[in-house]
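Working notes, beginning with the structure itself.
The values are calculated or read from the model by the stated rules, or taken from the named source; none is laboratory data. Computed from a prediction, not measured in an experiment: that's the story for all the values here. Positions of Cβ are generated from backbone atoms using ideal geometry, with glycine treated the same way; all protein chains shown enter the neighbour counts. These area figures cover heavy atoms from the full protein model, side chains too; ligands, DNA and RNA do not enter into them. Shrake-Rupley method; radii C 1.70, N 1.55, O 1.52, S 1.80 Å.
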Amino acid sequence: MRETTTPGLRIKTRQAVTEALADMALELFDTTGFDQVTVADIVAAAGISQRSFFRYFSNKEDVVFGDRIPSAEEVRGELLRHLDEGPVWDALRATFRAAAVQMDDDTGHWKRATRVICHTPGLRARYLEKHLAWTDALVPEIASRIDFDGPDVELKAQTMINTALGCFDVALMRWSDSSEHLSLAPLVDDVFGFVQFPHS
């Protein structure tokens, strides 16, 4: 009797192949440059056909971003888990620290991905689009919880969120470019610690 593969196993196998192919392509992007590497280069290094490549990715950009970068709703969900624990700024720091902890668990992949994004203008622009989506999702949650007497509470919320994103990016760039064995999570704590928002 022929043994069938369960859907769950097929999904896990596909995910494993996708991640292995992405890691190999990221290494090429990191050493050669994203714009200099073609899909033909990737499939030649992987020993697969272009048709096989496009089963896993729509284009080169998807290799870098895939589904590993959190969606706006995922970031919002993480923020909501921390908003009742203390000041809003601390909740933002905890939110991005949680992302950093996950990235520390797969340091090789994320360091390469961060370097490739930061050094490729087109990818950097796409990453900033994600920042805008995160900001739109977080502003209502932050605005409803900050202690602010002024007329434009959303302006303060946007300022806080964009400052948090800037702190996260500074930590990311230092971490990804460092040859030292740094952990991202404590670096995020350090950078966020440089900023204070009164009455937040």
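Descriptive notes on the structure:
- Cα long-axis angle, helix 107-118 against the chain (0 to 90 degrees, to the nearest 10): 80
- Relative contact order [Cα under 8 Å, 6+ residues apart], the chain, whole percent: 23
- Rounded to two decimals, the Cα-based Rg/Rh of segment 110-200, with Kirkwood Rh, is 1.04.
- Among Ser144, Ser71, Gln50 - extreme Cα towards positive end, dipole of segment 41-160, charges at beta-carbon: Gln50
- Once the Cβ-Cβ distance of Gln196 and Thr32 is raised to the sixth power relative to R0 = 35 Å, the FRET efficiency obtained is 0.25.
- Cα centre as origin, Lys/Arg/Asp/Glu Cβ charges: the chain dipole, Debye: 820
- Overall Cα dimensions of the chain - principal axes, largest extent first, Å: 67, 44, 30
- When all protein chains stay in place and ligands, DNA and RNA are ignored, the 1.4 Å accessible-area order of Met173, Met160, largest first, is Met173, Met160.
- Between helix 121-143 and the chain: long-axis angle, C-alpha atoms, 0 to 90°, nearest 10: 40
- GNM flexibility winner over the chain from Ser58, Ser176, Ser71 (Cα, springs under 10 Å): Ser58
- C-alpha long axis of helix 88-104 to longest principal axis of the chain, angle in °: 20
- Pairwise label distance in nanometres, Asp152 with Glu74, each label 7 Å out on the Cα-Cβ vector: 3.3
- Two numbers describe the Cα atoms of segment 140-188: Rg and Dmax, which are 15.1, 47 Å.
- In loop segments of segment 158-200 as defined by DSSP, the chymotrypsin sites (Phe, Trp or Tyr not before Pro) with at most 16 further C-beta atoms inside 10 Å of their C-beta are Phe194.
- Label-to-label distance, nm, for residues given as Glu85 and Met24 (7 Å Cα→Cβ offset): 3.9
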